[in-house]
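Since the structure comes first, as structure tokens, the remarks are kept for the end.
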Amino acid sequence: MTKTTSILALTRRRFLGGAAALGGLAATGWTGRAFAQEPEKPAEIIVRAWGGSWVAALQAGVSDPFTAATGIAVRHDLTEDNEIQPKVWAAVAQGRVPPIHINWDTTTNATKSALRGVTEDLSDLPNLANTTELAKPVGLDGYPIVNTYGYVYVLAYRPSAFPDGAPASLQVLLDPKFKGRIALYNDGIGFHFPAQVAGGGKLEDIPANMEPAWEFIRKVKAQEPLLGEDPDFTTWFQNGEIDLAVTISTNAREAMKNGIDLAWTVPEEGSKFETDGLWIPKGLPANELYWAKQYINFALTVEAQQVWLDGLGLPGVVPGVTPPEGLAGDPSYPTEPEDFKRLIRIPTAIQVEHESDWFSQFKAIMQG
Amino acid sequence: MPTSKHAYPFRWRVMDAIEGAASILWPSRFSRGLPYLMLLPAVLLVMLLVIGMIQIAESSAHTLDRTTFLASEDYTGANYSQIFSTGLYWTVLWRSLLGSVIVTAICLVFAFPYSYLMVRTPSALLRKFLLIALFLPFFIGQVVRAYGWLIILGNQGVANGLLGLVGIEPIRLLYNYPAVLFGLVQYMLPFAVLMLAPALTAIPEEMESAANSLGASWWRTFIHIVLPLAKPGLVGAGLVVLTLSLTDFAMPAILGGGSQDFIANAIYDQFFRTSDQGMGAALTLILVGVGSLAVGLVFTLFGAGTLAMGRDKK
């Protein structure tokens, strides 16, 4: 005998579940508007994300609660941000439905998409009212992107290799004893600006004169650095391949969680501060666009940011988020104006215009 | 005695009906066109590639407007000028060419005895073992194999572990040019064996026996009989390994530690890292051009080998 249950049957469990979901919606800033003219729900929405601890944090903080509240499944597409970009651009240019609903992207990359005109305007998200100025993309009209947190390219190091304490300066990268045991991003991202200072140059000279940066990078090249992407840093630290890396603190933190003894610092030259954000490509059906916006709106609640950014160990854009254990006051977790004094912020517009030149120059040095 | 209605088996009559229908659809006067009809799918497939190449060529003539991140309207050769005036691209191109030639040479040297033993051994067991060892790597993708080498050759890998047993400190075996070439040789070797084996099978064993019975040593037989007759296989195998190595992406990306890019990695960077499709397209065309020139050179010097299907110049 097969037991059947009417979907309309109101059991005690269903009632409590529904009440909890409604309570959750109300608590996270979902107003009655969501119920007044709610468009048809899609079966799922697709969010492009970075893998590993990055997607795990997003899932715990945003995707799973969103699904619990709306019943809409969230699928994470782990295609690299750089690889999804041309696919989205081509879909919009050809009038096709884009392959994703939401792109979790670097602000610089996202700005390129905004300049190309493939992003939806997100200015009408109610929860934007509760965000700090960090959420607003600089130099763009409205909100084609919503920045969701900031991060620092710290100098991560293995404490056992530094018995006298944290390295104070990037000049440590030139120490012969670390030859072959340092790592940078393979396009130099996060390193160009501190290298400019380490090479004796000024940040005000960016982008007109970056020769000091290239000169310093040439010296670093002689140290035979490993060049990779986010997951590589964690792997290299874990496998004992490197002692030093200029990387996002999240990657070092991930290796620490896996039992590797690591620490990080902001060197005297400073570290690059950057933001990531969420955006929606044009070309989605109206109902899917609506729910994609609701997803981003939900990502801007204190509750979502608290769990998501606890996982990443990064400062968010909504006041009231408690720093993860051990990160309050950490240089990789800037929240106060004082914290930003040691961090390097170059306007997005300059980065967008010149980034490919910097990548090429870095490659030319490292491939030579 | 009446003639049976079933003088022919039912199956024959079905075949007759099918033949009749086929002759209506494709009359016998069209029979000369049958080979061309069978060729059509392949030609269409190649045509699709040609159309893609035309689009890539068109794209390569536009630069990226960094205020809108759209391709410029004007046609220009600026992408090509930049490539030929930038040392990075010359370095990467030279590294790719040199690497593919080295990998091809090593693969041919290693593949020859393997193939020879595989086709000549009287032991069925050994032949089966060699065949299994040959095909097993095909079930493991290139990326997985490259990651396997990371585990084996890493600072805390098996190789350094063995060196540690004899008191040698861990040494950096990965993330350099030799590591990339090593990975490529390991990946390409089965292709070379597969291309060589049919050519060696086609050499009659009797010819080697005749040479031996006339007093030729094994070495002289190899030099004067086996090697010349195996030339078509060597050329075919060399061409396949050369072109695949020249265009390889994964091994330089994974085993090169970010500093040993081949031209395919530079193309990837332009398409996906800097969003400059015009520059990526220009590099793609240059790669196709260089690869075609290399193949043309081999054809000119050595003929097309087994790829000529017996119509090679004598």
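For (1) touching a Cys at 6+ places or on another chain (Cβ under 6 Å); (2) surrounded by 23 or more Cβ atoms within 10 Å (Cβ to Cβ); (3) at pLDDT 90 or above; (4) within 26 Å of residue A:55 (Cα to Cα), each residue gets a yes or a no:
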residue: A:271; (1), (2), (3), (4): no, yes, yes, yes
residue: A:300; (1), (2), (3), (4): no, yes, yes, yes
residue: A:321; (1), (2), (3), (4): no, no, yes, yes
residue: A:365; (1), (2), (3), (4): no, no, yes, no
residue: A:368; (1), (2), (3), (4): no, no, no, no
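Can residue A:127 be described as out of contact with any strand residue (DSSP E or B) (no Cβ under 7 Å at 6 or more places or on another chain), polar (S, T, N, Q), away from chain B (no Cβ under 11 Å) and in contact (Cβ under 8 Å) with a residue 60 or more places away in the chain? It is true that residue A:127 is out of contact with any strand residue (DSSP E or B) (no Cβ under 7 Å at 6 or more places or on another chain), polar (S, T, N, Q), away from chain B (no Cβ under 11 Å) and in contact (Cβ under 8 Å) with a residue 60 or more places away in the chain. Search segment B:263-278 for residues being more than 16 Å from the chain's Cα centre (by Cα) and more than 10 Å from chain A (Cβ to nearest Cβ), and hand back the single one that is surrounded by the most Cβ atoms within 10 Å (Cβ to Cβ). Of everything passing the filter in segment B:263-278, B:263 is surrounded by the most Cβ atoms within 10 Å (Cβ to Cβ).
Residue A:253 meets each of the listed conditions (1) in contact with a Gly (Cβ under 6 Å, 6 or more places away or on another chain); (2) farther than 23 Å from residue A:53 by Cβ apart from (2). Among the residues of segment B:139-170, those that are more than 20 Å from residue A:238 (Cβ to Cβ) and in contact with a Phe, Trp or Tyr (Cβ under 9 Å, 6 or more places away or on another chain) comprise B:142, B:145.
Condition check for residue B:155 on (1) part of a helix (DSSP H, G or I); (2) surrounded by 14 or more Cβ atoms within 10 Å (Cβ to Cβ): one failure, at (1). Within segment B:246-262, restricting attention to residues that are outside any helix (DSSP H, G or I) and within 20 Å of the chain's Cα centre (by Cα), the residue that is farthest from the other protein chains (Cβ to nearest Cβ) is B:247.
Checked against the criterion of being free of Cβ contacts under 8 Å to residues at least 60 places away in the same chain and of a type outside the set (Gly, Ala, Ser), the candidates B:138, B:182 yield just one match: B:138. In segment A:137-151, how many residues are away from chain B (no Cβ under 13 Å) and surrounded by 19 or more Cβ atoms within 10 Å (Cβ to Cβ)? Matching residues across segment A:137-151 total 9. Considering (1) closer than 26 Å to residue B:239 by Cα; (2) away from chain A (no Cβ under 11 Å); (3) modelled with pLDDT of 95 or more, the lone condition that residue B:81 does not fulfil carries the number (1). Scan segment B:215-247 residue by residue and report those that are crowded, with 16+ Cβ neighbours inside 10 Å, of a type in the set (A, V, I, L, M, F, W, C) and over 24 Å from residue B:187 (Cα atoms). Matches in segment B:215-247: B:216, B:222, B:225, B:226, B:229. The helices (runs of 4 or more DSSP H) found wholly in segment A:254-368 and carrying at least 3 residues that are more than 14 Å from every other protein chain (Cβ to nearest Cβ) occupy A:286-299, A:302-312. Within segment A:109-124, the residues that satisfy the criterion of being crowded, with 19+ Cβ neighbours inside 10 Å, touching a residue at least 60 places away in the same chain (Cβ under 8 Å) and within 14 Å of chain B (Cβ to nearest Cβ) are A:110, A:111, A:112, A:113, A:114, A:115, A:118, A:119. Among the residues making up segment A:141-183, those that are under 23 Å from the mean Cα position of the chain (by Cα) and free of Cβ contacts under 8 Å to residues at least 40 places away in the same chain are A:141, A:142, A:143.
In segment A:62-81 there is no residue that is closer than 29 Å to residue A:347 by Cα, over 17 Å from the mean Cα position of the chain (by Cα) and of a type in the set (Val, Ile, Thr).
State whether the residues of segment A:156-165 include one that is among the polar types (S, T, N, Q), farther than 26 Å from residue A:341 by Cβ and within 14 Å of chain B (Cβ to nearest Cβ). No, the conditions are met nowhere in segment A:156-165.
If you go through segment A:156-181 and keep only what is assigned to a strand (DSSP E or B) and touching a helix residue (DSSP H, G or I) at 6+ places or on another chain (Cβ under 7 Å), you end up with just A:156. If we keep just the residues of segment A:83-98 that are out of contact with any Ser or Thr (no Cβ under 8 Å at 6 or more places or on another chain) and free of Cβ contacts under 8 Å to residues at least 60 places away in the same chain, which is nearest to residue B:280 (Cα to Cα)? Looking at residues that are out of contact with any Ser or Thr (no Cβ under 8 Å at 6 or more places or on another chain) and free of Cβ contacts under 8 Å to residues at least 60 places away in the same chain, I get A:83. Considering the conditions (1) assigned to a helix (DSSP H, G or I); (2) within 13 Å of chain A (Cβ to nearest Cβ), residue B:67 is excluded by exactly one of them, (1). Taking the stated definitions as given, is residue B:93 surrounded by 12 or more Cβ atoms within 10 Å (Cβ to Cβ) and facing chain A (nearest Cβ under 9 Å)? Taking the combined requirement at face value, the residue does not satisfy it.
The values are calculated or read from the model by the stated rules, or taken from the named source; none is laboratory data. Since the model is a prediction, treat every value here as computed from it, not as a measurement. Every residue, glycine among them, receives a Cβ derived from its backbone with ideal geometry; neighbour counts consider all protein chains shown.
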